[in-house]
Amino acid sequence: MSMALPSLDIISSDKGKQTVPKYIERKLKRDAARLAIRMIAQGEDLSLIQVEVPKKEAKEIYDVLVSIYNSKLDKAEEIFNIDMRVATNIPIDKFWLIYEKDADWASELKNGETEVSGDIEDLIDEYDLFISDPKNWDEEHGVITINSVSLYNMTALAQKFTSISGVSQIHTHDPDIAPDFDIDIKKTGNVWEVSFTETWSSINGPKSHTWKFNVTSDASNKVEFLEEFGDDPPLWRRK
């Protein structure tokens, strides 16, 4: 099966006048999904909250991010030129499943197929998932990538697979990849505060730089650059 890009239809702008290039739209919708999941989690383990991306929160956050992009403020252009994004340790479209090769449901995987049966097939059908990239993990185990057609809180969705016989481990992200960017967002009254943070390593240890904006969520849709602070951004990270 060919790799399909996850559908972003669950997130649409409430402000029709806010248009952005397609590649920016896709990036910001993914950022909004991750931020909405983080917002409703409020620090709780992501596996314990809902599987579905909260639509209302994601749409509101997407509009805020689009407003910053469309503001044409110098500092907004600066952060978009370095491809700022939400840390990818909130998985929204895939996870990796390590399984016992002799599991009843995995017989077809031995032949390089991407078909399964039993309870795992039921979950894949229920959430419109598909399997790709079957590989050997070791002599007794294989690993597959489970991809979603729609965006989900994949940490919670992956948890549903852990009780299936023959499933050994679930990995929702690569723990060896440290996030080099992050976006954080909070709302007070009708004002959103949005922080964009870049991190990097240097011979003197870890460094970071943060930019902050306010966005008013009313008819004015006002975007204001508040401040920036931290270490001087490295020139080698700029386009």
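The values are calculated or read from the model by the stated rules, or taken from the named source; none is laboratory data. None of these values were measured; they are calculated from a predicted model. Counting neighbours? That spans all protein chains shown, and the Cβs are built from the backbone with ideal geometry, glycine included.
What residue, among those in the stretch 178-237 that are part of a loop (DSSP other than H, G, I, E, B) and of a type in the set (Gly, Ala, Ser), is surrounded by the most Cβ atoms within 10 Å (Cβ to Cβ)? Reasoning before the result, please.
Let us first name the residues in the stretch 178-237 that are part of a loop (DSSP other than H, G, I, E, B), namely 178-180, 189-190, 203-204, 217-222, 231-234.
Among the residues that remain, those that are also of a type in the set (Gly, Ala, Ser) are: 178, 189, 217, 219-220.
Working: ALA178: 12, GLY189: 7, SER217: 17, ALA219: 7, SER220: 8.
Result: SER217.
May I ask you to verify whether ALA158 is aliphatic (A, V, I, L, M), surrounded by 14 or more Cβ atoms within 10 Å (Cβ to Cβ) and in a loop (DSSP other than H, G, I, E, B)?
Numbers: aliphatic (A, V, I, L, M): yes; surrounded by 14 or more Cβ atoms within 10 Å (Cβ to Cβ): yes; in a loop (DSSP other than H, G, I, E, B): no.
No, not satisfied.
How many of the residues making up the stretch 198-217 are β-branched (Val, Ile, Thr) and within 13 Å of VAL64 (Cα to Cα)?
Count: 2.
If a residue must be at pLDDT below 95 and in a strand (DSSP E or B), how many such residues does the stretch 132-141 contain?
Final tally of qualifying residues: 5.
Considering every residue within the stretch 143-151, establish whether at least one is within 22 Å of MET39 (Cα to Cα), touching a residue at least 12 places away in the same chain (Cβ under 8 Å) and of a type outside the set (S, T, N, Q).
Yes.
Please go through the stretch 113-131 and give me each residue that is in a loop (DSSP other than H, G, I, E, B) and of a type outside the set (A, V, I, L, M, F, W, C), ordered by number.
Residues satisfying the conditions are GLU113, THR114, GLU115, SER117, TYR127, ASP128.
Show the residue pairs that are 6+ apart or on different chains and have beta-carbon atoms under 7 Å apart, the first residue being within the stretch 60-83 and free of Cβ contacts under 8 Å to residues at least 24 places away in the same chain, the second being surrounded by fewer than 16 Cβ atoms within 10 Å (Cβ to Cβ) and outside any helix (DSSP H, G or I).
As it stands, the answer is none, since no pair meets every condition given.
Got a sec? Which of SER168, SER163, SER201 is out of contact with any Ser or Thr (no Cβ under 9 Å at 6 or more places or on another chain), closer than 30 Å to ASP128 by Cβ and free of Cβ contacts under 8 Å to residues at least 60 places away in the same chain?
Within the list SER168, SER163, SER201, the selection yields SER163.
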